[in-house]
Every structure is written in structure tokens, then in C-alpha cells.
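Chemist: Have a look at the structure that comes next, please.
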Amino acid sequence: MPAARPPSDARDEHLTPACPSRLPAAPARPVTGRRVPRRRHRGALVPAWPQAAVTPSRPGIAPPCSYHRERPPAVRTHTLQPRHALSLVRNLGILAHVDAGKTTLTERILYVTGATHKRGEVHDGTTVTDFDPQERDRGITIFAAAVSCDWDGHRVNLIDTPGHVDFFDEVERSLRVLDGAIAVFDAVAGVEPQSEAVWRQADRHGVPRIAFVNKLDRAGADLDTAIASIRERLHTVPLVVQMPIGQEDAFTGVVDLLRMTALHWDGGTYERRPVPDALRDEALRRRRILEEAVAELHPEALEEFCATSTLSERTLATALREVTMSGEGVVVLCGSAYRDRGIEPLLEAAVAYLPSPLDVRPVRGTHGGAVEERAADPAAPLAALAFKVTATATGRLTYLRVYSGTIRKGDAVLDTGTHRTERVGRILRVQADRHEDVDRAVAGDIVAVIGLKTARPGTTLCTPSAPLALEPPTVADPVVSVAVEAARSLDTDRLATALARLAEEDPSLTVRTDPETGQTLLSGMGELHLEVAVEKIRRAHGLDVAVGRPQVAYRETVTRGVTGLLYRHVKQEGGAGQFAHVVLDVEALEPTGDGAADRKDHGDAGHFVFRSTVTGGRVPQEYVRAVEAGCRDALTEGPLGGHPVTGLRVTLTDGATHSKDSSEMAFRTAGRLALREALRRAGTALLEPVVDVTATVPGDAVGGVLGDLAARRGRVTGQSVRAGTAVVTATVPLAELFGYASRLRGRTQGRGTFTTRPAGYAPAPRVG
Ligand SMILES: Nc1nc2c(ncn2[C@@H]2O[C@H](COP(=O)(O)OP(=O)(O)OP(=O)(O)O)[C@@H](O)[C@H]2O)c(=O)[nH]1
Ligand SMILES: [Mg+2]
């Protein structure tokens with residue numbers, strides 16, 4: 001981790017009242033992602049704050065006050081929300097690197113809101129959201145789980161997401177249907193690789209976030225260092241609204257810098273007290289830093305700050321909400337989920353700053369080529385996105401996010417994927433592995449439906465008379481495959497059915513037959529992903545499965561181009577003939593530079609650009625499109641080993657048509673065969689997936705770990721030691737990492753851990 005300077009030091013120079021000439025003008029506000037109109041919900045913020053707010057006896061400092069939150073009734077009532085109440089709904093995700101404490105935080109949120117009576121623990125396998133037997137055995141989250149709770153008159157729907165990189169797609173599908181998120185960081189480790197990856201993912205989806213720095217009770221926890229890493233690695237402005245009271249074991253509470261009161265936790269309850277004298281100066285200093293940071297981002301706050309040299313609690317709260325929505329800054333809170341500290345203020349901040357379904361932009365879809373928007377209105381025609389499908393004892397559950405309209409039990413809905421109309425059997429509100437029947441769900445709701453036979457993750461369900469297709473979540477390319485086979489040949493068909501169902505539930509898993517060996521190949525995002533999938537088949541279907549060695553998914557790329565390749569496709573055997581002449585140039589394309597994006601974002605076609613420079617109408621537009629389609633067909637199998645081809649630009653420079661025999665089909669065939677021929681003549685190279693590895697190991701084991709990484713063709717990119725613990729980063733071919741977890745454990749007597757992050761593709765040393 002880079003040496004971090006507490007953010008407070010960096011800002012000491014601003015401690016004197018600022019005047020217009022000292023503070024920079026508020027930056028222009030670029031409109032990105034799902035922004036909300038800046039003015040729309042001003043004023044709506046204040047009633048959303050809990051009634052625990054105390055009237056300050058003198059500016060900024062609350063009088064002595066003891067406040068124990070009444071626990072809400074334990075019974076969850078899922079009454080349906082009328083339209084006006086949509087503003088009281090929050091659909092939130094909990095995102096972070098593996099082990100940051102997402103599941104523990106979700107568990108504590110359920111407990112403090114009264115949704116549960118017991119605090120479960122990940123290490124005991126007793127949490128609500130890690131209910132799958134494999135999650136309990138492995139102590140990690142594998143599947144995103146939805147839960148709901150009530151807080152201060154708001155309904156909070158939460159999705160606890162997995163942090164392990166292999167389950168990236170599960171997070172992607174969740175982000176697609178969420179309105180806001182809580183990003184969790186470990187107070188010792190700060191921003192870890194996967195936190196950075198999910199942060200960028202949330203940026204792409206335009207999901208507003210607040211941050212929770214967790215584990216402040218751990219030895220070595222340091223809020224300021226974690227905040228510095230948020231600023232440096234996530235390139236955002238941290239707006240820190242709390243200051244911890246005590247450190248590590250002695251961490252007992254926080255100072256609320258908005259209300260300037262201290263919150264102390266003791267057992268299951270907390271108390272608001274005046275800020276202790278010893279902390280007052282530091283708290284005022286941090287409040288000042290917060291005010292300045294907010295004034296720099298928010299024009300009205302800047303005006304007030306310049307006029308009065310301070311910001312009122314109301315202005316701060318309003319500005320924090322708007323800055324959160326626009327993504328220009330991130331509100332940072334802190335605590336310890338494990339020790340139940342900091343949960344209530346986090347919930348307050350979540351309902352105060354994060355958007356309701358009404359705050360996000362109307363959903364966009366297409367119908368017949370035209371783009372259409374639908375607002376979050378229960379009276380509008382239905383538009384709902386299926387984002388998850390699971391087989392349970394209750395039946396096949398299709399999870400839906402309803403964006404507009406109302407879906408009722410018994411309704412006929414159109415599946416825009418299959419163009420089939422299906423009937424909704426039951427509608428369920430889901431609380432992890434428990435379900436409760438409801439009669440209908442409205443815009444803003446996340447529910448599961450039983451009775452849909454064909455809906456897949458990514459399908460839109462809509463009113464048959466008002467069809468609309470919403471953009472489905474993207475699906476990452478699988479990078480690792482294993483051959484699977486039923487141990488008893490009798491079970492071959494059952495295995496095929498089980499694999500098909502698995503791939504249906506998780507679109508990042510694919511099943512295909514190897515044309516050369518005839519083996520069934522299961523492909524996914526990593527070794528763990530496949531291990532979990534196979535184990536699921538063993539447990540759920542009682543099948544004995546034999547699994548081969550994992551293989552990575554190679555790709556091929558162009559290293560030396562070809563110009564002026566002429567291909568003539570002419571056929572005249574009876575009937576209508578085929579005539580298409582094309583001339584192609586093929587060039588190598590530079591990688592985009594973002595390894596993860598190269599691997600995840602360019603879909604099956606990889607990084608491919610097609611253009612036409614044909615002039616004078618020598619090849620009509622529809623035939624140009626057909627040539628492009630043909631080229632894309634050719635990209636699926638490269639000349640080196642039949643792997644997908646990526647990293648090239650194809651230019652159609654010339655061509656010829658025949659008045660009778662030319663057709664789109666002829667040009668598509670010509671495009672495919674021309675590019676195939678061009679690739680044979682071009683210089684090509686094999687690419688293999690590489691990952692960035694971050695290994696955290698005891699200082700005395702570094703030598704062995706470095707040697708092992710080198711033997712795995714790893715390139716060490718960084719090394720640092722802090723308090724006897726070394727962090728080594730390296731870029732390593734994925735193919736060399738199989739079995740690394742047990743090797744690292746062995747080399748470090750079980751004390752070493754590592755995480756990986758996709759880093760794109762790099763040239764492979766051998767031809768496969
Ligand atoms: N000391 C301390 N430990 C914590 C805290 N929160 C969580 N933990 C522990 O950290 C470990 C990981 O916690 P989880 O809640 O499973 O983390 P997660 O982010 O859900 O992990 P994945 O779902 O696997 O990505 C568990 O052993 C927790 O008990 C905390 O505030 N303090
Ligand atoms: Mg978890």
C-alpha cells in the first residue's frame with residue numbers, strides 16, 4: 001500500500017475561513033450515468049433523518065442526551081407501496097473485496113432493524129445471506145442474496161454480493177438492478193483490488209454509493225490511511241462525516257461531524273452524548289475539512305460558506321445527498337460490523353443520501369428500433385428485468401426488478417427474449433432463503449416470480465400490448481474450462497440436464513462439446529467458480545462427476561497485417577448464383593490498455609473494429625454490413641488453434657457486385673472466407689489470460705513466494721512490508737495459478753493469502 005498521508009494534513013492550509021478568491025469555483029458537472037436532477041429532491045432530505053436528532057444548546061454541539069433506539073417490531077410486514085411511498089424505498093447493494101465484511105454488515109443491519117433476533121456469524125455458518133451449504137462450508141459468499149428490512153419508515157432492500165473475483169458476474173447482474181450501493185472497505189487494508197474493480201463496475205452503471213470503512217476494531221486499523229487510499233485509488237473525493245472514538249480494541253464509537261455529537265455503543269444499543277472535551281478540537285477541525293470539501297463540490301454550499309464561513313447541518317446534508325447522487329464525491333462512514341458499531345448511522349446515511357427508485361432516471365428500452373423511456377410509475381405499462389434464475393424446492397424462481405407498472409399474480413406477461421407470453425403463477429418477496437407470497441409488485445420492487453418457464457437472466461418481461469426490451473446485464477467471457485464426465489455412464493444424460501440448468505442459472509458458465517475429443521467442457525470465470533459449479537451438481541443432483549485439469553481460454557491476435565486481400569466468392573451451380581468480390585486490409589490493433597476491460601468488456605468478439613472505405617457505391621451499404629457480419633463469424637476460430645481472434649481492424653477497401661447473383665448471404669460468406677484467408681497470411685500470435693496477483697504473506701516468507709511466482713512466469717510489479725506483513729503484487733498467467741492457493745498456504749504455514757484481478761491477455765509462449 002502506498003504511504004498515505006492523512007487527508008487532514010493535506011488540508012490544514014484551508015483552516016482559516018475561505019473567501020471566494022481562495023476557494024476554486026465549483027467544477028462543471030458532467031452528466032454521466034444515472035444522474036438525478038440536482039434540484040429535484042431538495043428538502044425531501046430533512047424528514048428522512050431519524051427523529052433522534054437533538055436540538056443543539058449551542059451551535060454545533062448537542063446537549064447531554066441519552067438515546068436508546070426502540071427496536072422495531074420483529075414481524076416483517078411487506079405491504080405494497082403506493083406510488084407516493086416509492087420515495088421511501090431503497091434498493092441497495094453491498095459491494096467490496098472478499099472478506100471486507102459485507103455479509104457481517106448485512107447480518108448486523110438485519111439485526112438492528114429488527115428483521116432478525118439473532119446475530120449470525122460467517123465463521124459459524126449462521127448468517128441469513130450465506131445460506132447455501134457451500135457458502136457455509138467455505139465461509140465466503142458465492143451467490144448474491146436479497147433481504148429486506150425497515151428503517152425509519154423506509155423499506156431497505158439489500159443485496160449482499162460476493163467479493164471473490166470469480167463471482168464478478170453475480171455482482172454485475174446485481175448492479176444492473178440496484179439504485180444505490182454501500183461500498184465496504186477494510187480499515188487495515190484500505191482499498192483492495194476487488195474493491196477497486198467493483199467500484200469501477202458501479203461507475204459504469206452510474207450507481208451512487210456511500211462508503212463504510214469497516215473493521216476499525218482490528219489491530220492496525222487506521223481510518224485516515226483507508227481514506228487516503230479511497231482518494232488515490234478510486235479517484236473520488238471522500239467526504240468523511242464521522243471521526244472514530246478510540247482505536248483498535250478501544251474503538252467504542254464515532255463523532256457525528258454533521259450534528260457534532262458523539263455516538264457510543266455498548267452492547268446492542270448506542271447513546272448520543274456531547275463530544276468529549278479531549279476530542280472537540282479535532283472534531284471541529286475535521287468538520288471544517290468536510291465543509292470545505294463539500295463547498296468545493298456544491299455551488300449553493302460554496303455561497304453559504306463564503307458568506308458565513310461555515311455550513312449549516314441542513315446545507316451539508318442537502319449537499320451531501322446531491323454530491324452522492326452525482327457521483328462527484330463519496331460520503332464516508334466508519335465502524336465495526338462485527339462489534340455492532342456504526343450500523344445505525346450507516347442506515348441513516350443510506351436512506352438520507354442514496355436514491356429511491358423515483359430518483360433514478362426512467363428506464364430505457366427499445367421496441368422496433370425506437371428507444372422508449374418508462375418512469376417508475378405503477379400505473380404505467382409493465383417493464384421488468386429478470387436478473388437471476390434459480391431452481392429451488394419451491395419451484396423455478398425468476399428474480400425481477402420491476403422498473404415500471406405493476407405485475408400481478410395470474411398476469412400474462414410477454415417475454416421479449418423468446419416473444420412468448422407466460423403466466424405469472426406466484427409472486428414472492430424474498431428474504432434470503434425464505435419466501436413470502438404477495439399478490440402484486442410495483443415499480444421499484446425486487447421480487448421473485450414462479451411460473452415462468454423460459455425467462456433467462458437478462459430477459460425483459462412486459463405488458464403484451466406494450467412491448468419493450470431493456471438492456472440486459474453484460475456477461476463476461478469464460479476464461480477457464482474443465483472437462484466433466486459422469487463417473488457412471490448411466491448418468492450421462494442426467495449430467496447433461498444438470499449442466500444445462502447450471503448454465504441457465506449462471507450465464508457466466510457455458511457448456512460445450514470439444515469437437516476434437518468429444519468431451520463436455522464446462523467453462524467459467526475461474527478455478528473456484530468451476531469447483532463450486534461441479535460441487536453444486538454433486539450435491540443437488542447426487543451425481544458422481546469426474547473432472548479434468550483446468551485449461552485457460554486462449555485467444556489469437558494479429559501481429560502483422562495484410563493489405564489488399566482480394567477474395568472472390570462466385571458460385572453458379574444451377575438456381576440462383578452467388579457473387580461477391582471483396583478486398584480487405586487487416587491491421588493489428590493496440591490493446592485498450594485496460595486489461596480488465598479488454599477481457600471483460602469486449603464480449604465474445606473481443607477487440608475488433610470494422611470500417612469501410614469503399615467509394616462510389618461500389619458495394620451497397622447492406623452488403624457492407626453483411627461483410628462485417630461475415631468477418632465477425634470468422635473471428636470465432638483463429639488459424640493457430642481455433643481460438644477466438646481479437647485485437648484487429650478490418651477495412652473493406654473495395655468490392656464488386658453482380659446485378660443478379662449478389663446477395664447479403666453471398667457477401668457474408670465472402671467476408672467470412674476473406675478474413676479467414678487474410679488471417680492465415682497475416683502474422684498471428686497466441687494470447688493467454690493474465691491476472692494481477694496480490695499476495696499478503698509474513699515478511700519471512702517473501703523470498704520463497706517471489707521464487708514461486710517467478711517459476712510461474714510471474715512478473716513482480718510491487719513489494720511492500722508493513723508491520724511484519726509483506727504485500728507482493730505480480731502479473732501472472734492464469735494457467736500457472738491453478739493450485740496456487742494450496743502452494744501459498746504450504747509456503748507460509750497457512751498464513752499467506754492472495755487475491756487476483758483480471759489483467760487482460762498477454763502473448764503466450766507456446767502455440768496451443
Ligand atoms: N475484526 C473484525 N472482523 C470482522 C468485521 N466484520 C467482518 N469481520 C470478519 O471478517 C471475515 C469476513 O467477513 P464476511 O462478512 O464474510 O466478509 P464478506 O465481505 O461478506 O466476504 P465475501 O462474501 O466472501 O466476499 C469474517 O470472519 C468476519 O467475522 C469487523 O468489523 N471486525
Ligand atoms: Mg459475504
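Read-outs throughout are calculated quantities, based only on the coordinates presented, and are distinct from any laboratory measurement. Note that the structure is a prediction, hence the values are computed from the model and not measured. Counting neighbours? That spans all protein chains shown, and the Cβs are built from the backbone with ideal geometry, glycine included.
Chemist: Around LEU257, which amide H atoms from residues at least 5 apart in sequence, or from another chain, sit under 5 Å from its own amide H, with H modelled in the peptide plane?
Modeler: Residues meeting the criterion, in which the H sits 1.01 Å from N, are GLN242, MET243.
Chemist: Here is a follow-up. Return a whole-number percent for the relative contact order of segment 363-470, with Cα pairs under 8 Å and 6 or more residues apart as the contact set.
Modeler: 34
Chemist: Just order 340-348, 231-239 by mean Cβ neighbour count inside 10 Å, highest at the front, would you?
Modeler: 340-348, 231-239
Chemist: Test of understanding: extend the Cα→C-beta vector of ARG715 to 7 Å, then name every residue of segment 723-737 with backbone N under 15 Å from that spot.
Modeler: Under cut-off, by backbone N: 729-734.
Chemist: What ³J(HN,Hα) values, in whole Hz, does the Karplus curve 6.51 cos²θ - 1.76 cosθ + 1.60 give for segment 550-557 when θ = phi - 60°, with x put for Gly and Pro?
Modeler: x, 10, 8, 8, 7, 9, 10, 9
Chemist: Let me ask another. Counting only other residues whose beta carbon sits under 13 Å from that of ALA145, what net charge do I get with K and R as +1, D and E as -1?
Modeler: Working: positive: LYS102, ARG136, ARG173, LYS388, ARG434; negative: GLU107, ASP130, ASP132, GLU135, ASP160, GLU170, ASP433.
Every neighbour counted, the sum reads -2.
Chemist: Can you give the angle from 0 to 90° between the axis of helix 277-297 and the longest principal axis of the chain, with both taken from C-alpha atoms, to the nearest 10?
Modeler: The two axes meet at around 40 degrees.
Chemist: To the nearest 500 deg cm²/dmol, what mean residue ellipticity at 222 nm is calculated for the chain from DSSP H runs of n ≥ 4 alone, each contributing -39,500 (n - 2.57), summed and divided by the residues?
Modeler: Details: 18 runs with 201 residues, N = 768.
Dividing the helical sum by the residues of the chain leaves -8000 deg cm²/dmol.
Chemist: While we're on this one: SER309 to ALA540: extension gain in nm, 0.36 nm per residue of separation minus the Cα-Cα distance?
Modeler: 76.8 nm
Chemist: Any chance you could give the angle, 0 to 90 degrees and rounded to 10, that helix 299-308 forms with the longest Cα principal axis of the chain?
Modeler: With rounding to tens, the tilt is 20 degrees.
Chemist: Something else about it: Explain nothing, just the number: relative contact order of segment 556-682, from Cα pairs under 8 Å at least 6 residues apart, as a whole percent.
Modeler: Dividing the mean separation by the residue count of segment 556-682 yields 40 percent.
Chemist: Moving on to the next point. Using only alpha-carbon positions, what ratio does the radius of gyration of the chain give when scaled by 2.2 N^0.38 Å?
Modeler: That works out to 1.03 for the chain.
Chemist: Also, quick follow-up: Give me the log10 of I(q) over I(0) for segment 363-470 at q = 0.10, 0.11, 0.18 Å⁻¹, as the Debye formula computes it from C-alpha points; what are the numbers?
Modeler: -0.23, -0.28, -0.77
Chemist: Would you mind working out the magnitude of the charge dipole of the chain relative to its Cα centre, with +1 at each Lys and Arg C-beta and -1 at each Asp and Glu C-beta, to the nearest 20 Debye?
Modeler: Dipole of the chain, to the nearest 20 debye: 900 debye.
Chemist: Can you tell me the Rg and the Dmax, both Å, for the Cα atoms in segment 252-311?
Modeler: Here Rg and the maximum Cα pair distance are 14.0, 44 Å.
Chemist: If amide hydrogens are placed 1.01 Å from N in the peptide plane, which non-local residues have theirs closer than 5 Å to the one on ARG396?
Modeler: GLY451
Chemist: Given Cα pairs under 8 Å that are at least 6 residues apart, what percent is the relative contact order of the chain? List each step's numbers first, then the result.
Modeler: Numbers: 1717 pairs, mean separation 76.5, N = 768.
So the answer I get is 10 percent.
Chemist: With +1 on each Lys and Arg Cβ and -1 on each Asp and Glu Cβ, and nothing else charged, work out how big the dipole of segment 86-353 is about its Cα centre, in Debye to the nearest 20.
Modeler: Values: 29 positive and 44 negative charges, 64 e Å.
Computed charge dipole of segment 86-353: roughly 300 debye.
Chemist: Now, a different point. Once R0 is set to 25 Å, what does the formula 1/(1 + (r/R0)^6) return for the Cβ-Cβ distance between ASP124 and ARG745, expressed as a FRET efficiency to the nearest 0.05? Write out the running numbers ahead of the final one.
Modeler: Working: r = 22 Å, r/R0 = 0.90.
It comes to 0.65.
Chemist: Once the Cα atoms of segment 556-682 are picked out, what are the Rg and Dmax in Å?
Modeler: Looking at segment 556-682, its Cα Rg and Dmax stand at 14.9, 52 Å.
Chemist: GLU587: net charge of surrounding residues, Cβ under 11 Å, Lys/Arg +1, Asp/Glu -1, itself excluded?
Modeler: Local net charge: +1.
Chemist: Go ahead and run the numbers for FRET between HIS658 and GLU436, Cβ-Cβ distance against an R0 of 56 Å, rounding to 0.05.
Modeler: Working: r = 66 Å, r/R0 = 1.17.
Efficiency, rounded to the nearest 0.05: 0.30.
Chemist: What is the sum of charges, Lys and Arg at +1 and Asp and Glu at -1, for the other residues whose Cβ falls under 12 Å from the Cβ of ALA486?
Modeler: With Lys, Arg at +1 and Asp, Glu at -1, the neighbours total -1.
Chemist: Could I ask something else about it? Which order do peptides 311-321, 418-428 fall in by mean Cβ count within 10 Å, highest first?
Modeler: In decreasing order of mean packing, 311-321, 418-428 become 311-321, 418-428.
Chemist: Tell me which lysines have Cα within less than 29 Å of LYS118's Cα, excluding those fewer than 8 residues away on the same chain?
Modeler: LYS102, LYS215, LYS388, LYS536
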